[in-house]
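Step one of this worksheet: look at the structure below.
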Amino acid sequence: MNAPVVLFAYKRARELRATVEALRKNHLAAESDLFIFVDAPKKAEDWPKVYEVHQVLDELTGFKSIYRDYAKSNIGCADSIIRGISYVLDRYPTAIIVEDD
């Protein structure tokens with residue numbers, strides 16, 4: 001079994017595109033589960049950037065499965081990472097952790 005890939009993103013669509021392209025080029029991508037966690041914006045003016053990230057991720061293909069978790073309210077970077085890693089490690093013995101930059 002391949003270790004799942006856990007990807008954390010927030011509001012940087014350009015960097016996220018580069019990250020997911022690099023992940024998709026991996027020869028095991030089509031056999032790997034991808035778990036994506038995106039925190040909600042802290043400030044109202046960040047919604048457009050976070051929404052753009054959602055759009056990039058909603059169109060993403062190339063993995064065995066893709067689980068997307070878009071937070072409804074901002075929980076902060078540390079808590080978002082803890083929550084996402086805990087979710088995946090409750091289901092798998094190991095994981096590959098990546099941020100959008």
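Each value in this text was obtained by applying a stated rule to the coordinates, not by laboratory testing. Remember, predicted model here, so these are calculated numbers, not experimental data. For neighbour counting, all protein chains shown are included, and Cβ atoms are generated from backbone atoms with ideal geometry for every residue, glycine included.
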Q.
Could you check the range 1-27 and list, in sequence order, the residues that are of a type outside the set (D, E, K, R) and not in a loop (DSSP other than H, G, I, E, B)?
A. VAL5, VAL6, LEU7, PHE8, ALA9, ALA13, LEU16, ALA18, THR19, VAL20, ALA22, LEU23
Q.
Taking the condition of being touching a Pro at 6+ places or on another chain (Cβ under 9 Å) and among the small types (Gly, Ala, Ser), how many residues in the range 23-54 meet it?
A. 1
Q. What number of residues in the range 28-58 are in contact with a Gly (Cβ under 9 Å, 6 or more places away or on another chain) and either part of a helix (DSSP H, G or I) or over 11 Å from LYS11 (Cα atoms) (or both)?
A. 6
Q: Could you grab me the full set of residues in the range 62-88 that are surrounded by 13 or more Cβ atoms within 10 Å (Cβ to Cβ), outside any helix (DSSP H, G or I) and among the charged types (D, E, K, R)?
A: LYS64, ARG68, ASP69
(Q) Can you go through ALA9, ALA22 and tell me which one is without any contact (Cβ under 8 Å) to a residue 12 or more places away in the chain and under 15 Å from the mean Cα position of the chain (by Cα)? (A) ALA22
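For (1) in contact with an Asp or Glu (Cβ under 7 Å, 6 or more places away or on another chain); (2) touching a residue at least 40 places away in the same chain (Cβ under 8 Å); (3) not polar (S, T, N, Q), each residue gets a yes or a no:
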| site | (1), (2), (3) |
| --- | --- |
| LYS49 | no, no, yes |
| THR61 | no, no, no |
| SER65 | yes, no, no |
| LYS72 | no, no, yes |
| SER80 | yes, yes, no |
| ALA95 | no, yes, yes |
| VAL98 | no, yes, yes |
| ASP101 | yes, yes, yes |
Q | Selection count where residues are touching a strand residue (DSSP E or B) at 6+ places or on another chain (Cβ under 7 Å), within 19 Å of CYS77 (Cβ to Cβ) and either surrounded by fewer than 13 Cβ atoms within 10 Å (Cβ to Cβ) or of a type in the set (A, V, I, L, M, F, W, C) (or both), scope the range 6-49 | A | 9
